Each structure stands twice: as C-alpha cells, then as structure tokens.
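The values are calculated or read from the model by the stated rules, or taken from the named source; none is laboratory data. The structure displayed is predicted, hence computed values, not measured ones. Here the Cβ is made from the backbone with ideal geometry for all residues, glycine too, and neighbour counts use every protein chain on show. Areas reflect the complete protein model, heavy atoms only, side chains present, ligands, DNA and RNA absent. Shrake-Rupley method; radii C 1.70, N 1.55, O 1.52, S 1.80 Å.
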Amino acid sequence: GKGRPRSAIVKGHVKVFTDGNTRSEEAVIRQFASTAMAGIEPFPGALSIQLRAWRSIPSSFSRNKQLAAEQGNIVPLTKPDLDNYLKMIDALNGIVWRDDSQIVSAKIDKRYSSLPRLEIEVTAFKEDGG
C-alpha cells in the first residue's frame, strides 16, 4: 500500500515527499504496466477497475490456518488499508489511462496467497453498473 506523505524542513521551507518504499513499489507497477500495455495508447473515457491485493501468508500461521488463508477462508485484517492499495494506481497515470480521474468505479479485495501480488484489471465503464 501507498505510504503516507512525509515532510521535512529544508532551507527554511517545508518539503513534502513520498517515502522510498512507495517510490520503489510505484516504479515496479509502472514497469509492469508499460510491459502490459506494450505500445497501446492510454485508455480514454470512463473506466472501471478491479484491484486485488494478494498478501503473503504469515509464517506464524499454523499449517491449518495457512491452508485456510490460501483457500480464502481467512482474510487479512491488518494494514495496509484498502484505500492505501487504491492510491497505488497513481503510478498508472499516463500509461494505462490518461489520469486516474477517469476511474468511476472500483472494486477492491485484499486476500492471502502463497504468491503475493497486486492485480489491476481495467475495463471500459458501462452505464449498467460497470
């Protein structure tokens, strides 16, 4: 998930910046998006997204609890919050869409998986609900 903006006083002025981990994660997202778009222009118009955040299963879980998490019977109730995952889509501006203001519908899920990842599916928005 996207980290909170940080601030510091530099030469008498307040400077707001994005932390290193978030910048690094956004760079990876941009790289994957650029590869996926492979020369396709950013999508125009209203868009819907489905974002799935797959978290790693804690090694502290018992074997049975790990299996239950993998099957979706246990879901992550820990940070980062869903809205922090959603903020990561800023990295896709100018690559997948012109600007994230084009997104008018979003579904977000947070689950466990043995293969942690962030999946973002983009479709044209349809008036009948997405």
* Positions within segment 70-107 being surrounded by fewer than 16 Cβ atoms within 10 Å (Cβ to Cβ) and either in contact with a Lys or Arg (Cβ under 8 Å, 6 or more places away or on another chain) or among the hydroxyl-bearing types (Ser, Thr, Tyr) (or both), in sequence order -> 72, 75, 78, 82, 84, 90, 101, 105
* State whether the residues of segment 68-91 include one that is more than 11 Å from the chain's Cα centre (by Cα), within 17 Å of residue 30 (Cβ to Cβ) and without any contact (Cβ under 8 Å) to a residue 40 or more places away in the chain. => no
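Mind listing just one residue for me: the one in segment 82-117 that is hydroxyl-bearing (Ser, Thr, Tyr) and part of a helix (DSSP H, G or I) and, of those, modelled with the highest pLDDT? Give the derivation first.
Kept after step one, since they are hydroxyl-bearing (Ser, Thr, Tyr), are these residues of segment 82-117: 85, 101, 105, 112-114.
Those left that are additionally part of a helix (DSSP H, G or I): 85, 101.
On the way: 85: 90, 101: 96.
Result: 101.
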* When both residues are 6+ apart or on different chains and their Cβ atoms are under 7 Å apart, which pairs have a first residue that lies in segment 28-45 and is farther than 15 Å from residue 121 by Cα, and a second that is assigned to a helix (DSSP H, G or I) and open to solvent by less than 90 Å² (accessible area, probe 1.4 Å)? -> 45/102
* Asked: Any residue in segment 37-49 that is assigned to a helix (DSSP H, G or I) and farther than 20 Å from residue 110 by Cα?
  -> yes
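Let's see how each residue does on (1) modelled with pLDDT under 95; (2) farther than 28 Å from residue 113 by Cα:
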site	(1), (2)
3	yes, no
8	yes, yes
12	yes, yes
15	yes, yes
28	yes, no
42	no, yes
46	no, yes
50	no, no
56	no, no
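Considering each of 121, 127 in turn, give the residue that is open to solvent by 50 Å² or more (accessible area, probe 1.4 Å) and at pLDDT below 95.
Values: 121 fails: at pLDDT below 95.
Every option except 127 fails the conditions.
Answer with yes or no whether residue 58 is under 24 Å from residue 121 (Cβ atoms) and either in contact with a helix residue (DSSP H, G or I) (Cβ under 7 Å, 6 or more places away or on another chain) or not hydrophobic (A, V, I, L, M, F, W, C) (or both). Full working, then the answer.
Working: under 24 Å from residue 121 (Cβ atoms): no; either in contact with a helix residue (DSSP H, G or I) (Cβ under 7 Å, 6 or more places away or on another chain) or not hydrophobic (A, V, I, L, M, F, W, C) (or both): yes.
Considered against the rule, which asks whether it is under 24 Å from residue 121 (Cβ atoms) and either in contact with a helix residue (DSSP H, G or I) (Cβ under 7 Å, 6 or more places away or on another chain) or not hydrophobic (A, V, I, L, M, F, W, C) (or both), residue 58 comes out as no.
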